[in-house]
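Heads up, the thing below is written out as structure tokens.
Bear in mind these aren't lab numbers, they're just calculated from the coordinates by the rules spelled out. These numbers were taken from a predicted model, which means no experiment stands behind them. Cβ atoms come from the backbone with ideal geometry, glycine included; neighbour counts cover every protein chain shown.
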Amino acid sequence: MIKIDEIKNICVIGDGGWGTTLTVLLAKKGFNVTVWGAFPEYLEILKSSHENAKFLPGVRIPDSVKFTASLQEALKGNDIVVLAVPSQYMRGVLTMLKMEDLSDKIFVSVTKGIENDTLKRMSEVVSEVLGERKLVVLSGPTIALEVANGSPSTAVAASRDLDLAVMVQDIFITDRFRIYASYDLIGVEVGGSLKNIIAIAAGALDAMGFGTNAKAALLTRGLVEMVRLGVAMGGRAETFYGLSGLGDLMTTCISQYSRNRWLGEEIGKGKPLKDILKETDMVVEGVVTAKSAFDLAKRYEVDMPITCEIYKVLYENKDPKKAVHDLMTRPSKIE
């Protein structure tokens, strides 16, 4: 396997807010970074302005960063491939990547989500499309703008190959971005995906004015659901009480920059989902993941009442206040 001091060139597949944040971080560390995007016209704007005004306003992209709409050009000579496209587009992008020379490349997935229909985690989608690859998942409580602005932040690099996770840990770590290593790939991916559903619920609670008690109950019981499903899928319970579980859950449910919490607020105000999605260029991962999690709960026969209610609100037009009432009047239980 390639050694850490031999890695010089990295490509980032995806020009959204998180992909741009990691581009800035890696470029400042001295790596040669190439960014691939699906829309050539927008890449030209990035080239000329060195700012991703749509997804990461106010953050300057170093002059050394290169932009391209050619996957062949993006991959050429690069040792690390950072996958930073939304979960619903991951399979399509990987299918295009499959046509290129991927020998000896290390893949780092930073996408949070579970694919609809197949119900596969992103690492499973990568393996299915590209075959077995050297793969690490990077996840955690990471609001893009805060990381880009140098706010102290943390994340977890997870891989079944712990040596590989440690290598990626060393690549991304800075004095303001602390990375931990883990071998619980499943737990880290599931935690990073499910917390977005709870964040939608948190935003709805805020919009309905239900206060701190309700938010505390939501986060606590939401975490229980994350653990239940994560363990059923093969993850470790301990992982969900760490950065990629509880940490990410808290950040996404509280932050003013959380697009999932924002969408929940709009839902709580009574706006239809289709109209809300038209108001933003950003992908709100929790919307897609809510459907996958609802189906996974049935597959694994796991009780996930909050997730099921959010699914009904998003996909069956259930009144959010009725959803809260139904959650609060469920049969009494022992915690």
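Computed quantities for the displayed model
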| read-out | value |
| --- | --- |
| Fraction in percent of alpha-carbon pairs per bin - 5 Å, the range 201-327 | 2, 11, 20, 25, 22, 14, 6, 1 |
| Using distinct alpha-carbon pairs, which all enter the 1/r mean, Kirkwood radius of the range 268-335 in Å | 13.3 Å |
| Two-decimal Rg/Rh across the range 90-129, once Rg and the Kirkwood Rh are taken from alpha-carbon atoms | 0.96 |
| Partner lysines for LYS134 [C-alpha distance under 24 Å; skip if fewer than 8 residues away on the same chain] | LYS3, LYS8, LYS29, LYS76, LYS98, LYS105, LYS112, LYS120 |
| For the chain, diffusion coefficient by Stokes-Einstein and Kirkwood Rh (Cα), 37 °C, 0.692 mPa s, µm²/s | 163 µm²/s |
| Globularity index of the range 4-183, i.e. its alpha-carbon radius of gyration over 2.2 N^0.38 Å | 0.95 |
| The chain: most fluctuating residue of PHE107, PHE39, PHE172 per GNM, C-alpha cutoff 10 Å | PHE39 |
| Radius of gyration, Dmax [the range 110-245; alpha carbons; angstrom] | 15.7, 48 |
| Scattering curve values for the range 160-237, log₁₀ I(q)/I(0), Debye with Cα scatterers, q = 0.18, 0.26 Å⁻¹ | -0.83, -1.07 |
| Peptide ranges 143-153, 9-19 listed from the most packed, as the mean C-beta count within 10 angstrom indicates | 9-19, 143-153 |
| Most fluctuating residue given options ALA84, ALA155, ALA38, as computed from a GNM of the chain linking Cα atoms under 10 Å | ALA38 |
| Computed magnitude of the charge dipole of the chain (debye, nearest 20; Cβ of K, R +1, Cβ of D, E -1) | 600 debye |
